[in-house]
Amino acid sequence: MSRAEMTESRVAAVLRRYEPSDTTLKLFREAVRDMDDPRMAAAVQKPAAFVILLAREGDPADAVEFLARWLPPRQRIWWGCLVLWYLYRHEPPAAVEATLAALVRWVEEPTDENRRAVRAAGDVLGSAHPAGALALAAFWSGGSMSAPHLPEVLPPPDLSPQAMTSTIRLAVHSQPLDRSQALYQYFVRLGLDVAAEPMHWDLAALRSE
């Protein structure tokens with residue numbers, strides 16, 4: 001791949017959407033340098049392969065940052081729903097259950113009414129809670145940030161991915177410290193599954209598994 005082709009790769013296009021860590025950029029440059037290795041060539045060209053490289057040889061938190069920018073809005077929020085379900089599936093607090101239900105409704109039907117309902121549910125928990133942060137990620141995924149009767153104010157493009165990254169970080173930090181790396185790796189795998197599989201939006205189906 002020439003330098004011009006590399007700069008137009010799907011991975012490079014995602015990296016241009018935010019300010020990646022030094023480790024992320026270093027691994028991408030190494031992959032470009034070592035493209036005779038098929039795994040490295042795939043990591044330059046295919047976002048999923050680059051996520052795997054980041055999780056394996058870099059920092060899985062960097063893989064989360066990349067995934068949050070790569071996944072489209074509905075898939076991004078569904079990924080977050082799966083993370084919340086993993087954390088709270090046994091005994092979800094009422095406010096978490098209400099927020100998760102609102103999030104799933106928005107994923108299934110991403111209307112402005114449902115988006116604002118997600119924000120209202122998440123505000124009960126606040127942005128320092130994983131479910132509250134995910135509610136913001138959904139609210140900022142499109143549509144106006146201002147009240148319906150006020151002039152439209154669109155969110156900056158990276159605001160929703162930033163909130164998604166915060167969701168994962170808060171989820172990891174809510175658990176014992178010795179589980180952090182394993183949880184990051186597991187949540188990255190969940191994100192890759194969302195990217196790879198046809199969407200099934202119904203969380204009730206997970207409860208029956």
Of the candidates GLU97, GLU91, GLU113, the one satisfying the condition of being farther than 18 Å from MET164 by Cβ, assigned by TED's automatic domain parsing to the domain that holds GLY191, of a type outside the set (S, T, N, Q) and not in a helix (DSSP H, G or I) is GLU91
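Yes/no matrix, rows are residues, columns are (1) surrounded by 12 or more Cβ atoms within 10 Å (Cβ to Cβ); (2) touching a strand residue (DSSP E or B) at 6+ places or on another chain (Cβ under 8 Å); (3) free of Cβ contacts under 8 Å to residues at least 24 places away in the same chain; (4) in the same structural domain as ALA128 (by TED's automatic domain parsing):
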position: PHE139; (1), (2), (3), (4): yes, no, no, yes
position: PRO148; (1), (2), (3), (4): no, no, no, yes
position: PRO151; (1), (2), (3), (4): no, no, yes, yes
position: PRO156; (1), (2), (3), (4): no, no, yes, yes
position: THR165; (1), (2), (3), (4): yes, no, no, yes
position: ILE168; (1), (2), (3), (4): yes, no, no, yes
position: GLN175; (1), (2), (3), (4): yes, no, no, yes
position: LEU190; (1), (2), (3), (4): yes, no, no, yes
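For the condition surrounded by fewer than 22 Cβ atoms within 10 Å (Cβ to Cβ) and either assigned to a loop (DSSP other than H, G, I, E, B) or in contact with a helix residue (DSSP H, G or I) (Cβ under 9 Å, 6 or more places away or on another chain) (or both), what is the one hit in ALA63, ALA68, ALA31, ALA41? Quick ask: steps written out before the conclusion?
On the way: ALA63 fails: surrounded by fewer than 22 Cβ atoms within 10 Å (Cβ to Cβ); ALA68 fails: surrounded by fewer than 22 Cβ atoms within 10 Å (Cβ to Cβ); ALA31 fails: surrounded by fewer than 22 Cβ atoms within 10 Å (Cβ to Cβ).
Only one candidate qualifies: ALA41.
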Unique match (being surrounded by fewer than 19 Cβ atoms within 10 Å (Cβ to Cβ) and among the β-branched types (Val, Ile, Thr)) among ILE52, ILE77 = ILE52
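Can you name every residue in region 135-155 that is among the aliphatic types (A, V, I, L, M) and in a helix (DSSP H, G or I)?
So in region 135-155, the residues among the aliphatic types (A, V, I, L, M) come out as 135-138, 145, 147, 150, 153-154.
Listed by number, the residues that qualify are ALA135, LEU136, ALA137, ALA138.
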Could we say that LEU125 is outside any helix (DSSP H, G or I), modelled with pLDDT of 95 or more and over 16 Å from the mean Cα position of the chain (by Cα) here?
-> yes
Of the residues that make up region 122-131, is at least one under 19 Å from GLY191 (Cβ atoms) and buried (at least 23 other Cβ atoms within 10 Å of the Cβ)?
-> yes
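From the set of residues in region 8-24 that are of a type in the set (S, T, N, Q) and outside any helix (DSSP H, G or I), which is surrounded by the most Cβ atoms within 10 Å (Cβ to Cβ)?
SER9
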List, please: which pairs have Cβ atoms under 6 Å, are six or more places apart or on different chains, and start with a residue in region 20-46 that is polar (S, T, N, Q) and end with one that is assigned to a helix (DSSP H, G or I)?
-> SER21/ASP62; THR23/ASP62; THR24/ASP62
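Does any residue of region 188-205 turn out to be among the small types (Gly, Ala, Ser), over 13 Å from GLY80 (Cα atoms) and either at pLDDT 95 or above or in contact with a Leu (Cβ under 8 Å, 6 or more places away or on another chain) (or both)? Let's see the steps before the verdict.
First pass over region 188-205, keeping only residues among the small types (Gly, Ala, Ser): 191, 195-196, 204-205.
Filter once more, keeping what is over 13 Å from GLY80 (Cα atoms): 196, 204-205.
Now restrict to residues that are either at pLDDT 95 or above or in contact with a Leu (Cβ under 8 Å, 6 or more places away or on another chain) (or both): none.
No, every residue in region 188-205 fails to be among the small types (Gly, Ala, Ser), over 13 Å from GLY80 (Cα atoms) and either at pLDDT 95 or above or in contact with a Leu (Cβ under 8 Å, 6 or more places away or on another chain) (or both).
The values are calculated or read from the model by the stated rules, or taken from the named source; none is laboratory data. What you see is a predicted model, and the numbers here were worked out from it, not measured in a lab. Neighbour counts are summed over all protein chains in view; Cβ atoms, including those assigned to glycine, are modelled from backbone coordinates with ideal geometry.
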